[in-house]
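As structure tokens, the structure follows; a few thoughts come after it.
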Amino acid sequence: MKIAITGANGFVGSTLLTHLHHKGFEPLAFVRKPFRLNSIPVRIVDYSNPNTLSRALSDVDVLIHNAGMTKSVSRGEMLAANVGITRNVVQAVNQAKHPIRLIYISSQAASGPSSAQTPRRESDALAPISIYGKSKAIAERVVQTQCSQAWNIVRPCSVYGPGDRDFLSLFRLCNSGFSLQIGKKERPLNMIHVSQLADFLLHLIMNQQVMGEIFFATDNQVYTQALIVDAICAAIGKKSRRLIVPEALAHLAFGALDGWGRLRSLPSAMNLEKYHELSAEGWVADPQKAQGLLGWNPPAMLPELICETYRWYRENSWL
Ligand SMILES: NC(=O)c1ccc[n+]([C@@H]2O[C@H](COP(=O)([O-])OP(=O)(O)OC[C@H]3O[C@@H](n4cnc5c(N)ncnc54)[C@H](OP(=O)(O)O)[C@@H]3O)[C@@H](O)[C@H]2O)c1
């Protein structure tokens with residue numbers, strides 16, 4: 001089975017390729033510019049041109065459309081990247097003369113936050129609170145309404161693991177002996193390790209009975225930020241001092257960093273949208289649909305996988 005992955009140079013895409021390669025599949029990397037994994041065949045694609053995309057798809061059975069922009073200072077740029085490209089990918093898949101299964105990598109952000117008590121279900125109305133989440137929600141709609149081939153949508157929660165830059169800042173903070181929490185409330189949230197996400201996608205690809213279904217992808221556990229910080233500190237072998245930042249102060253700080261990022265046209269990881277996401281009541285998805293339809297029941301391994309991530313950061317001099 002030939003499985004192509006867009007955005008293959010990135011954190012999730014490159015891990016997915018290696019994982020599929022090790023499991024005996026024939027992965028193909030779709031990238032915009034030359035690729036860093038030289039053991040895997042590469043096709044350079046131009047997302048602005050559905051015809052070239054459709055030629056690249058000539059022998060592909062499954063296309064995982066993973067390319068996407070996760071931060072930007074420009075709403076237009078975010079929409080062009082996440083919605084515009086998805087529209088062209090769907091058009092290319094529709095033009096193919098053979099069956100292709102399209103799997104769109106959306107995000108938990110498309111669905112929006114949960115309350116502290118009730119997890120969100122796939123069938124809940126979408127209520128994104130960031131431009132990123134809105135762009136993913138619109139792209140989901142494009143897949144649902146315009147794709148004439150078989151499709152699925154996967155909404156991963158926060159993904160961590162070797163090669164991830166987003167959680168790196170939390171590891172760095174813990175390494176310096178501190179951790180920050182916005183407000184006193186403990187907020188429940190989901191996590192998934194990148195290799196678990198790759199396994200999740202394999203469960204989906206091997207299942208032919210779930211076409212047209214949307215799934216949250218989590219490791220089925222519920223954490224809090226304090227639990228994650230404790231796991232990171234245990235991996236590092238250090239204690240960290242938790243500083244509780246009042247919400248109003250955090251709002252100001254994230255606003256200032258957002259403004260600074262906009263002045264330099266460089267998106268900051270700490271921006272106002274991130275503040276709203278971090279201060280939401282919870283980010284918990286109901287795992288029942290993936291458990292029931294895909295048999296998705298990964299072992300609970302967060303402490304071990306955080307340790308492995310820490311070792312990777314150290315070995316690669318990121319920490
Ligand atoms: N990391 C998470 O926590 C998380 C959580 C939920 C969902 N997701 C989704 O998972 C996917 C992969 O995320 P990631 O964390 O691996 O991000 P990443 O490391 O930034 O990789 C994203 C890839 O998307 C492509 N890309 C980015 N901007 C693009 C643009 N304007 N036009 C065309 N291609 C563009 C690039 O592909 P090239 O290889 O061509 O350069 C890049 O390698 C994204 O769709 C993201 O929304 C991620």
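The values are calculated or read from the model by the stated rules, or taken from the named source; none is laboratory data. No experiment lies behind these values; they were computed from the predicted model shown. Ideal geometry is used to build each Cβ from the backbone, glycine not excepted, and the neighbour counts take in all protein chains shown.
Of all residues in the stretch 1-21 being hydrophobic (A, V, I, L, M, F, W, C) and either within 16 Å of Thr86 (Cα to Cα) or more than 10 Å from the ligand (Cβ to nearest atom) (or both), which is surrounded by the fewest Cβ atoms within 10 Å (Cβ to Cβ)?
Taking the candidates together, the pick is Met1.
Could you list, in sequence order, all residues of the stretch 195-206 that are of a type outside the set (Val, Ile, Thr) and surrounded by 15 or more Cβ atoms within 10 Å (Cβ to Cβ)?
Hits for the stretch 195-206 are Ser195, Gln196, Leu197, Ala198, Asp199, Phe200, Leu201, Leu202, His203, Leu204.
Please work out which residue is farthest from Met270 (Cα to Cα), limiting yourself to the stretch 96-116 and to residues that are in a loop (DSSP other than H, G, I, E, B) and out of contact with any Asp or Glu (no Cβ under 9 Å at 6 or more places or on another chain).
If we take residues in the stretch 96-116 being in a loop (DSSP other than H, G, I, E, B) and out of contact with any Asp or Glu (no Cβ under 9 Å at 6 or more places or on another chain), then Lys97 is farthest from Met270 (Cα to Cα).
Among Ile214, Ile192, which is free of Cβ contacts under 8 Å to residues at least 60 places away in the same chain and crowded, with 18+ Cβ neighbours inside 10 Å?
Ile192
Give just the number: which of (1) within 12 Å of the ligand (Cβ to nearest atom); (2) more than 17 Å from the chain's Cα centre (by Cα); (3) outside any strand (DSSP E or B) does Gly68 not satisfy?
Only one criterion is unmet by Gly68, namely (2).
Mind telling me which of the residues Gln146, Gln91, Gln108 ends up being at pLDDT 95 or above, surrounded by 15 or more Cβ atoms within 10 Å (Cβ to Cβ) and more than 13 Å from the ligand (Cβ to nearest atom)?
Of the residues listed, the single one that is at pLDDT 95 or above, surrounded by 15 or more Cβ atoms within 10 Å (Cβ to Cβ) and more than 13 Å from the ligand (Cβ to nearest atom) is Gln91.
Which one is farthest from the ligand (Cβ to nearest atom), of the residues in the stretch 22-45 that are surrounded by fewer than 16 Cβ atoms within 10 Å (Cβ to Cβ) and within 24 Å of Pro99 (Cβ to Cβ)?
Gly24
Please go through the stretch 234-263 and give me each residue that is crowded, with 17+ Cβ neighbours inside 10 Å and either modelled with pLDDT of 95 or more or not in a helix (DSSP H, G or I) (or both), ordered by number.
Ala235, Ile236, Ser240
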